[in-house]
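Notes to accompany the following structure.
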Amino acid sequence: MGTKSAVDLMESSSEVHFSGIYMDGLEQRNARTEQPTTSATDMNKQPFVIGVAGGAASGKTSVCDRIIQQLHDQRVVLVNQDSFYHNLTEEELTRVQDYNFDHPEAFNTEQLLRVMDKLKRGQAVDIPKYDFKGYKSDVFPARRVNMADVIILEGILVFHDPRVRAMMNMKIFVDTDADVRLARRIKRDIAENARDVGAVLDQYSKFVKPAFDDFILPTKKYADIIIPRGGDNHVAIDLIVQHIRTKLGQHDLCKIYPSLYVIQSTFQIRGMHTLIRDSQTTKHDFVFYSDRLIRLVVEHGLGHLPFTEKQVITPTGSVYSGVDFCKRLCGVSIIRSGESMENALRACCKGIKIGKILIHREGDNGQQLIYEKLPNDISNRHVLLLDPVLGTGNSAAQAISLLLKKGVPESNIIFLNLISVSTSRCSYGLQKFPQNKDSDI
């Protein structure tokens, strides 16, 4: 690829065929037709909406799953068009075998539009769960979905209605050979729905194939990206994810503040974060998983300490070239919440000295230093400043100012923080203050 990024390659021509992924002028088409150009400001306010269309059993679900897996550090919501089937009337139920579920009129598009509009405006919504045995959408409890960074709308006919298309920032069509789709459908219907091959083939020839030819295939022209082979096309999915990350990363605080480090989110971290946020979590579990998360933050912070190379002799007599971290280190906790991080620091650094700072809040912005007990030689040490929850940042700012007055070089201060709530997103990370004294916490 030379010096060009994958996104550059994706957007460099009106039609590109790159390892099984077809781009049809993604940025240019969106600008000149249905989707207006999204400014950087708008991207900060609204989620990135991806439409994934294609024939039944084309691999749409696999594509969505792989995109979600790779976007694990973003909040992603999957909305299935199948959730918005109309309830069948009593008359339709008596001849359900003649009902065409692949026809555009089978879907409650108005309800889908209302749900998508609310999600785009950052509102929580209830998505129905359609009962494919009773053919009703009010049998099971609805699925509650909160605001997200990325919304994936998946379904055979999500490109059919121009109003739905207009909501999308990216449109993907999963293009799979008809024989492959039929084979998958036969296998799936026999295994999941206990249907015989004859019934599957009858429905396919009567409804599925005509609907694909008449309604689904024509919407392929609206796609920005065409993916052959569905979820098996890893190269195409990697490029799509990179493009999404580029769009979402325009407002990445780590790019704005180079001294900010955020621990990469994983499903394990998100799972523990979910537990400590759950009002039903017991006190014992809350403490246990909070301690685990704090330990991760502390260990990550220690990795930013200066070190020198060091060689040692192993028990086998060989020479091992390793590193030796700085010896003069201390922790400082902002009372009271900062004390919850002390055990993790002691577990990682045996015998470490820990100082205390107590700051009393007076109003929204006023802060008053009540108590401080710090090592006498703190100016010669690297300081790990402990405060698990960052709200306004006023207490942390005053604590840092005190350390600077005590002679601690700004480059020797590492601020460890578990949850930052001063922005719209919570994160795990640390703030290091190397050069810029105007760093905004």
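Laboratory data are not the source of any read-out in this text; all were calculated from the coordinates shown. As the structure is a computational prediction, the values presented were derived from the model and not from experiment. Ideal geometry is used to build each Cβ from the backbone, glycine not excepted, and the neighbour counts take in all protein chains shown.
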Around Ile152, which amide H atoms from residues at least 5 apart in sequence, or from another chain, sit under 5 Å from its own amide H, with H modelled in the peptide plane? Ile50, Val77, Leu78, Val79
Looking at segment 253-432 only, what percent of DSSP beta bridges run antiparallel? Nearest 5 please. 55 percent
All Cα pairs of segment 253-432, percent lying beyond 24 Å: 42 percent
Please check which bits of segment 155-185 a label hung off Arg121 would reach, taking the label as a point 7 Å along Cα-to-C-beta and the cut-off as backbone N under 16 Å. 167
Can you give the FRET efficiency for Val180 and Phe288, using 1/(1 + (r/R0)^6), R0 = 45 Å, r = Cβ-Cβ distance, to the nearest 0.05? 0.40
Most exposed first by the Cβ proxy, i.e. fewest other Cβ within 10 Å, how do Glu110, Glu309, Glu372 rank? Glu309, Glu110, Glu372
What is the sum of charges, Lys and Arg at +1 and Asp and Glu at -1, for the other residues whose Cβ falls under 14 Å from the Cβ of Ser321? -1
Across segment 86-94, in residue order, what do the Karplus-derived ³J(HN,Hα) couplings come to in whole Hz, using 6.51 cos²θ - 1.76 cosθ + 1.60 with θ = phi - 60° and x for Gly and Pro? 5, 5, 7, 6, 4, 5, 5, 5, 5
Could you give the length gained on full extension between Val389 and Arg75, defined as 0.36 nm per residue of separation minus the Cα-Cα distance, in nm? 111.0 nm
How far apart, in nm, are two points set 7 Å out from the Cα along the Cα-to-Cβ line at Gln280 and at Ala166? 4.1 nm
How much length, in nm to one decimal, is gained on full extension between Lys310 and Arg144, taken as 0.36 nm per residue of separation minus their Cα-Cα distance? 54.3 nm
From phi via Karplus (6.51, -1.76, 1.60), per-residue ³J(HN,Hα) for segment 309-321 in Hz, x at Gly/Pro: 6, 8, 10, 10, 9, 7, x, 8, x, 8, 9, 10, 8
For Thr176, distant residues with modelled amide H under 5 Å away: Gly55
Could you go through segment 260-266 in sequence order and give the Karplus-derived ³J(HN,Hα) for each residue, using 6.51 cos²θ - 1.76 cosθ + 1.60 with θ = phi - 60°, rounded to whole Hz, and x for Gly and Pro? 9, 10, 10, 5, 4, 6, 10
